1. Where Rh denotes the Kirkwood radius from the mean inverse Cα pair distance, what is Rg over Rh for segment B:92-241?
2. Roughly speaking, what is the centre-to-centre gap between segment B:323-343 and segment B:4-24 when only Cα atoms are used, to the nearest Å?
3. In degrees, nearest 10, range 0 to 90: what is the angle between the Cα axis of helix B:168-183 and the longest Cα principal axis of chain B?
4. Looking only at B:210, B:167, B:136, which one moves most when chain B is put into a Gaussian network model with springs between Cα atoms under 10 Å?
5. Extension gain residue B:144-residue B:247, at 0.36 nm per residue separation less the Cα-Cα distance, in nm?
6. List the equivalent ellipsoid semi-axes of the protein assembly as shown in whole Å, largest first, each obtained as the square root of 5λ for an eigenvalue λ of the Cα gyration tensor.
7. In nm to one decimal, list the spacings between the residue A:118 label point and its equivalents in the other copies, with label points set 7 Å along Cα to Cβ, shortest first.
8. Put a dot 7 Å past each Cα toward the Cβ at residue A:95 and residue B:342; how far apart are the dots in nm?
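Readers should treat all values here as calculations from the given coordinates under stated rules, not as data from a laboratory. What you see is a predicted model; the values in this text were computed from it and never measured. So basically every Cβ, Gly included, is an ideal-geometry build from the backbone, and we count neighbours across all protein chains shown.
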DNA sequence: TATTACTTGAGGTACGTACATCAGAGCAAG
DNA sequence: CTTGCTCTGATGTACGTACCTCAAGTAATA
């Protein structure tokens, strides 16, 4: 059997009350005694039964996803998974909620974060582009005792806050290699379309993409990134101009998580069957495009996994437990028409 | 707050004792009263607090993985993940164990299953090729009150036993399409190597592979499957003979989860850099081969996910809960050198 | 020495559920 | 009316932990 607090009390030679004081960091215990208890914890391998503790405490976890104010199909999918997790986890006394509240403006986004208090939330998952303002706001949030993970976009290596998402550099490299291999041995230019290049995510993808192309596929020349800014007409125009100016465009890489605008512009400008086109994120739209062979591959991250991983990390932090690292690594998925359907 | 058994008693107009009798299916309650309680459960949306119940009952779950007697690198990886899950889940009173016990012979494997009793195990995950003997043994296991899932290999649509693994037909199709696209526009023959074609898994992969090639890549002709039977010399010989007999072999598809023998044979017979080679399952060996560009892609299923999914399904069955379907779908992963490293 | 502060132990109640025991109600058969 | 049976309620203990109160101990200070 697993040792209980009683066993611990016996092993440490103190009473249950003292064990309780130490475990829950209450005051009024000599340092010496604290050490004795901690040593006993090591010695007998005591681990608190979190379920029993939560039961006694009547605890429930409140986790909130702070998402961008406006979003695309991918965000909608993420929200769907959040709702799913919400219903599934209610039985475990975990309340999951979300708010599409974060504006693009980093100052105003930071203000939203400033409004989050440990009274309302045990932890938040923040989906927002990296910025100094957000970084500061995050630090203050953590100081106030709210657990934080950065979600999908943001700074990967900003400890002690965890990052849930993929390495965008590697994602871009993956896209680059597939494009190169699908196109070989053809020669030509590659259109690169992004919603905006103002986000670190896009920049990193582009860097990874370019690196692979320049090193391993010198026959392919990526053009400067076209930005859509979410505007259909602008997108149509810049994409058409590109195809008009370069007769030897053989493929396209769509950087952002909103592929629709770019793809529709490309379809208007040229015959997609003669191009190799790669986009990011699985949505109903990209699925359809894969099936219709407009898209040749989609580089994706699993939204359900992202959501559950964020929640597990937040809970692990609340419980002061180590998460199972291998479970929380988000994979860069490659989707083609044949591995789209799940059993 | 979630309704408790007390709330349920009040709502049903009975005592706590009666509620307990109904919930735990004890005898001595009029059918009428049972119905009244069940209606109240629906009405107030009562769901048993499984943690509290387990605490009171002193319950712990015992799940066992029944694996093949002998195995390859992939099986070793799976075992590693089982051990990982074992340590992680001990805190949740879930005891995970494994036994490399199932021989190839279906009769003897069935005997092993016959030896599993609900006294020792709450649930087992069985990794064994589909056979009538095993199917019967599984049915009897379930009747004895042991939860069962089929693990990685076996029959996908054999209800009410769950299957944890990928659709091998789709996995083969995925391999076929990648091979075809990586090779385009070349023309030639494809070597197909398998450990044995006696397993349904291999057959299904081959079917999916052939279907894609014949429909979408008529320029590529897959050769009849070569079987290694785990014998290095035999493998060397048959592969070399293939390459000698067919000057126009441009690629290879390695069906099984043990790629080493086939790859080494191919390296001896020809220059792998001029071939497109696709194999299954991520192991340290296939990772290395991807990095060295001997392999062009690996079709894989995530062993950690497989293991955890099997455990979650078994636990859900024990608790008579519905699992979260979207979480338990095992994806067909495509690995290339760029999406190999995880953050 | 008396007073005070700090440390510790002993014991209780609670969380939501399981499980056991006993008492009483209702009812039918003798 | 008694006996025996079935159904139900009341009550208690337990699981492992949290949190509270009170008493008693020790040591330092006035």
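1. Over the Cα atoms of segment B:92-241, Rg/Rh equals 1.09.
2. 44
3. With rounding to tens, the tilt is 30 degrees.
4. Judging by the Gaussian network model, the answer is B:136.
5. Working: separation 103, 0.36 × 103 = 37.08 nm, distance 5.76 nm.
This chain segment gains 31.3 nm when fully extended.
6. The three semi-axes for the protein assembly as shown are 46, 36, 23 Å.
7. 4.7
8. Placing both labels 7 Å beyond Cα along the Cβ direction yields 3.2 nm.
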